[in-house]
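The values are calculated or read from the model by the stated rules, or taken from the named source; none is laboratory data. Everything numeric in this text was worked out from a predicted model, so none of it was measured. Every residue, glycine as well, gets a Cβ built from its backbone with ideal geometry; the counts of neighbours run over all protein chains shown.
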Amino acid sequence: MQVQVMKNILGENDKIAAENRRLFHDKKILAINLMGSPGSGKTSLLEKILSKLAEKINVAVIEGDLFTAKDAERIERQNIPVIQINTAGGCHLDAAMVKRAAESLNLDEINLLIVENVGNLVCPAEFDVGENFKAVVLSITEGDDKPLKYPLIFKESAVTLLNKIDLLPYTNFNLANAREDLSTIHPAIKIFETSCINGAGLDEFCNWILEKIDEVKL
Ligand code: MG
Ligand code: ZN
């Protein structure tokens with residue numbers, strides 16, 4: 001019974017996600033579903049890369065949050081179009097929420113749409129929202145055991161950002177082990193080591209996104 005209910009929910013979600021994907025494709029928009037735990041640094045990373053990317057392309061953001069607009073306000077301060085979704089306690093975004101939010105954006109003027117998901121390493125990975133790819137932020141302070149403990153999100157993501165890499169000397173995070181586990185779970189995964197404090201890896205990540213945008217435009 002339980003299993004059937006979940007199958008129906010995901011089936012309906014996939015239908016709407018496919019509509020979103022078709023829409024983004026028609027508008028030549030690259031859509032990224034950005035995931036990670038609360039406090040992993042998703043919004044800080046966004047602030048940093050948006051300031052670099054906004055010089056070259058038109059970006060918009062959809063911010064998922066349980067109750068507040070705190071993250072959306074941070075993005076808005078950079079004069080980036082941002083739509084807030086409050087899930088009222090819901091622990092992930094689904095395709096219908098993203099569809100409704102996207103209706104409030106001028107999609108003809110956007111090259112890149114970043115969806116910051118609710119902070120959670122579990123169910124956001126199960127819900128396709130119509131993105132081109134998923135990206136997961138894993139901060140050094142969370143520990144190197146997370147890829148093996150939450151394999152689905154790393155399997156589903158095209159890219160992992162090992163964030164707060166500047167804190168590596170102050171933790172027992174084993175970078176070699178983490179990279180090996182990530183490659184075991186998802187051999188094709190792209191890994192960036194990033195820091196919003198010293199700026200490590202941010203230009204590389206931005207350049208990689210710009211390459212992906214070029215592929216979408218073709
Ligand atoms: Mg955030
Ligand atoms: Zn959830």
### Filter result (β-branched (Val, Ile, Thr), more than 16 Å from Trp208 (Cβ to Cβ) and within 12 Å of the chain's Cα centre (by Cα)) within region 18-56
Thr43
#### Entry: Number of the condition not met by Ile75 [criteria: (1) surrounded by fewer than 21 Cβ atoms within 10 Å (Cβ to Cβ); (2) within 12 Å of ligand 1 (Cβ to nearest atom); (3) without any contact (Cβ under 8 Å) to a residue 40 or more places away in the chain]
(1)
### Message
List the residue pairs whose Cβ atoms are under 6 Å apart, where the first residue sits in region 167-186 and is acidic (Asp, Glu), the second is surrounded by 14 or more Cβ atoms within 10 Å (Cβ to Cβ) and assigned to a helix (DSSP H, G or I), and the two are 6 or more positions apart or on different chains.
### Response
Asp181/Pro147; Asp181/Leu148
### Query
Looking at region 111-128, which of its residues are part of a loop (DSSP other than H, G, I, E, B), within 16 Å of ligand 1 (Cβ to nearest atom) and out of contact with any Gly (no Cβ under 6 Å at 6 or more places or on another chain)?
Gly119, Leu121
## Note on the structure
Taking region 95-105 and keeping only residues that are under 17 Å from Ala72 (Cβ atoms) and either touching a Leu at 6+ places or on another chain (Cβ under 7 Å) or touching a residue at least 40 places away in the same chain (Cβ under 8 Å) (or both), one is left with Val98, Ala102, Leu105
### Query
Does region 112-143 hold any residues that are more than 19 Å from Ala18 (Cα to Cα) and either among the aliphatic types (A, V, I, L, M) or more than 16 Å from ligand 2 (Cβ to nearest atom) (or both), and which are they?
Val118, Leu121, Val122, Val136, Val137, Leu138, Ser139, Ile140, Thr141, Glu142, Gly143
### Query
Just checking, which of Cys196, Cys206 is of a type outside the set (Lys, Arg), buried (at least 16 other Cβ atoms within 10 Å of the Cβ), in a loop (DSSP other than H, G, I, E, B) and at pLDDT 95 or above?
Cys196
#### Entry: Candidates Ile185, Ile165, filtered to the one that is touching a Pro at 6+ places or on another chain (Cβ under 6 Å), farther than 23 Å from Gly90 by Cβ and of a type outside the set (D, E, K, R)
Ile185
### All positions within region 18-42 that are part of a helix (DSSP H, G or I) and crowded, with 20+ Cβ neighbours inside 10 Å
Asn20, Phe24, Lys42
### Query
Are any of the residues in region 57-78 hydrophobic (A, V, I, L, M, F, W, C), under 13 Å from the mean Cα position of the chain (by Cα) and part of a helix (DSSP H, G or I)?
no
